[in-house]
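K.L.:
Take this structure first; my questions come after.
Values in this text are rule-based calculations from the coordinates and carry no lab data. Not measured: the values here are computed from a predicted model. Don't worry about glycine lacking a Cβ; one is built from the backbone with ideal geometry, like all the others, and counts go over all protein chains shown.
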Amino acid sequence: MKDLKKDFPIFKYNKDLVFLDSAASTQKPEVVIEAIKDFESRYYANIHRGIYKLSAKATALYDEARERVKKFINAKYFEEIIFTKNATESINLVATTLAKDYFQDGDEIIISALEHHANIVPWQLIQSFKKIKIKVIPIDDAGNIDISAYKALFTDKTKLVSITHVSNVLGNIVPIKEIISYAKKKNVLTLIDGCQAVNSFPVDVQDLGCDFYVFSSHKLYGPTGIGVLYGKKDILNKLPPYQGGGDMIKTVSFEKTEYNDLPYKFEAGTPCFTQAYGLSKAIEYLQNLGMQNVFNHSQDLLDYAQNLLHKTFKDDIKIFGSKDNKVGIISFILKDNTSSISMIHPHDIATFLDEKNIAIRTGHHCAEPLITRLKVPATARISFGVYNDFDDIDKCVKTLKEIKSFFKNGR
């Protein structure tokens with residue numbers, strides 16, 4: 001893939017920046033930044049409100065953005081795409097609406113040990129008013145799902161499987177098609193957290209067969225403040241509204257309110273239409289690159305980085321997760337050579353890297369139960385975007401060598 005840094009203004013204003021934290025949030029290409037500026041400058045007016053031309057144009061662009069998202073993940077219907085503020089709100093929307101009528105006391109939800117907090121806490125919040133049980137699929141030491149254990153968790157009380165498509169900590173690609181297929185045989189709903197998947201490889205929700213799929217724009221080279229909930233039309237129609245206000249209604253009186261049709265039933269108030277336009281341009285940018293090319297590029301970077309790290313540090317580095325079948329995410333710890341078990345704290349690694357303007361993520365990555373399972377206090381994580389190249393990896397590894405030498409020589 002050609003050098004894409006020129007497409008991203010952040011590198012123009014930070015010429016020596018090595019950005020290796022795309023799993024947290026991706027940088028934005030010029031076309032997205034300019035699209036948002038263009039919308040605000042040329043087309044801005046509230047949508048679904050005015051009969052004047054400017055409002056009609058803004059409404060049309062908002063609808064076009066929804067249609068582009070629909071095609072991007074191959075949803076069947078326009079109405080199946082709900083805009084939210086992020087993937088977290090998408091999961092909370094599903095959790096809250098299912099809790100009203102669908103979940104009953106004693107019902108069970110299955111999640112995995114890989115989950116981001118956004119796919120743990122919303123289900124725990126339900127437990128404050130519904131006596132539901134959360135079951136957790138175990139993983140092996142490489143972070144792989146135990147499929148046999150997963151199947152054994154099902155009972156006649158199981159109502160939902162909510163699981164990540166790709167681990168944000170390990171990069172492991174979860175076998176969700178098999179997971180979804182088994183749940184369907186049991187007539188159990190499925191929700192997939194696709195935040196680290198849709199930016200990495202092609203996703204087809206009809207092929208997967210999931211009932212819900214969520215992701216955030218800001219991890220997809222788009223703006224912050226907007227996320228997506230895909231839900232099967234027949235299921236969404238049965239769910240009650242998530243919030244009340246304007247646009248999610250047909251008629252309102254002091255005695256009764258009639259709710260709007262999909263997708264507007266779940267989009268109360270003035271929606272994030274400027275951000276939707278930016279998201280549509282981010283998707284267009286990725287589609288022009290080709291999602292398979294995006295995946296191949298990340299795999300090239302992943303292979304190069306893992307091989308270089310192992311070659312450079314040998315037994316003094318531990319990389320978590322599968323070596324294969326993963327996206328461009330590497331979580332690791334470094335030993336400091338002062339003992340067989342002592343490690344350089346990931347926060348120290350990140351601080352040293354930052355001195356060379358190399359940005360990585362450290363900590364538990366909003367997946368504290370998984371880090372506990374890995375038996376470490378934290379990991380250092382590097383993650384790749386379309387703008388990264390082999391030189392970025394070389395600079396990072398070179399600095400990691402300097403860090404290791406510093407700690408080896410007694411700081």
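K.L.:
Using mean Cβ contacts within 10 Å as the protection proxy, how do 159-171, 361-373 order, highest first?
P.N.:
Ranked from most to least packed, the peptides come out as 159-171, 361-373.
K.L.:
FRET efficiency for ASP394 and ILE134, Cβ-Cβ distance as r, R0 = 30 Å, nearest 0.05?
P.N.:
Efficiency at R0 = 30 Å is approximately 0.10.
K.L.:
Would you mind classifying the stretch 344-391 by shape? Square roots of the alpha carbon gyration tensor eigenvalues, ordered a ≥ b ≥ c; an a/c under 1.5 is rounded, otherwise it is prolate if a/b is larger than b/c and oblate if not.
P.N.:
oblate
K.L.:
Go through 183-191, 128-136, 17-25 and give me the packing order, highest mean Cβ count within 10 Å leading.
P.N.:
Packing proxy ranking, top to bottom: 17-25, 183-191, 128-136.
K.L.:
Oh, and also: Only counting other Cβ atoms within 10 Å, I'd like GLU34, GLU402, GLU258 sorted with the fewest neighbours first.
P.N.:
Fewest to most other Cβ atoms nearby, the residues stand as GLU258, GLU402, GLU34.
K.L.:
Hey, with R₀ at 51 Å, roughly what FRET efficiency would THR312 and VAL31 work out to, going by the Cβ-Cβ distance, to 0.05?
P.N.:
0.90
K.L.:
I've got another one for you. Summing +1 for each Lys or Arg and -1 for each Asp or Glu, what net charge is found among the other residues whose Cβ lies under 11 Å from the Cβ of HIS165?
P.N.:
0
K.L.:
Okay, moving on. Place a label point 7 angstrom from the Cα of ALA149 along the Cα-to-Cβ direction, then list the residues of the stretch 109-132 whose backbone nitrogen is under 15 Å away.
P.N.:
Residues passing the 15 Å test: 110-115.
K.L.:
Can you find, among PHE154, GLN299, ILE82, the residue sitting farthest towards the positive end of the charge dipole of the chain, where Lys and Arg contribute +1 and Asp and Glu -1 at Cβ?
P.N.:
Selected residue: PHE154.
K.L.:
Another question, if that's okay. Taking 25 Å as R0, compute the FRET efficiency from the Cβ-Cβ separation of LEU54 and ASP247 and round it to 0.05.
P.N.:
Once rounded, the FRET efficiency stands at 0.90.
K.L.:
A further question on this structure: Peptides 42-55, 198-211, 98-111: what's the order by average Cβ count within 10 Å, highest mean first?
P.N.:
Packing proxy ranking, top to bottom: 198-211, 98-111, 42-55.
K.L.:
Any chance you could give the angle, 0 to 90 degrees and rounded to 10, that helix 87-101 forms with the longest Cα principal axis of the chain?
P.N.:
So the inclination is approximately 50 degrees.
K.L.:
Same structure, new question: Count the DSSP beta bridges whose two residues both fall in the chain, then state the antiparallel fraction as a percent rounded to the nearest 5.
P.N.:
Around 60 percent of the beta bridges assigned by DSSP in the chain are antiparallel ones.
K.L.:
Does anyone have the angle between helix 176-185 and the longest principal axis of the chain? Alpha-carbon axes, 0 to 90°, nearest 10?
P.N.:
Tilt relative to the chain: about 40 degrees.
K.L.:
On to the next question. Run the simple label-point estimate for THR372 and GLN292 please: 7 Å along Cα→C-beta, distance reported in nm.
P.N.:
Going by the 7 Å Cα→Cβ label model, 4.3 nm.
K.L.:
Please report how far the C-alpha centroid of the stretch 123-191 lies from that of the stretch 252-298, rounded to the nearest whole angstrom.
P.N.:
Here the two parts' Cα centres lie 26 Å apart.
K.L.:
Using the Cα gyration tensor of the stretch 288-411, with a ≥ b ≥ c the square roots of its eigenvalues, what is the shape: rounded (a/c below 1.5), prolate (a/b larger than b/c) or oblate (neither)?
P.N.:
prolate
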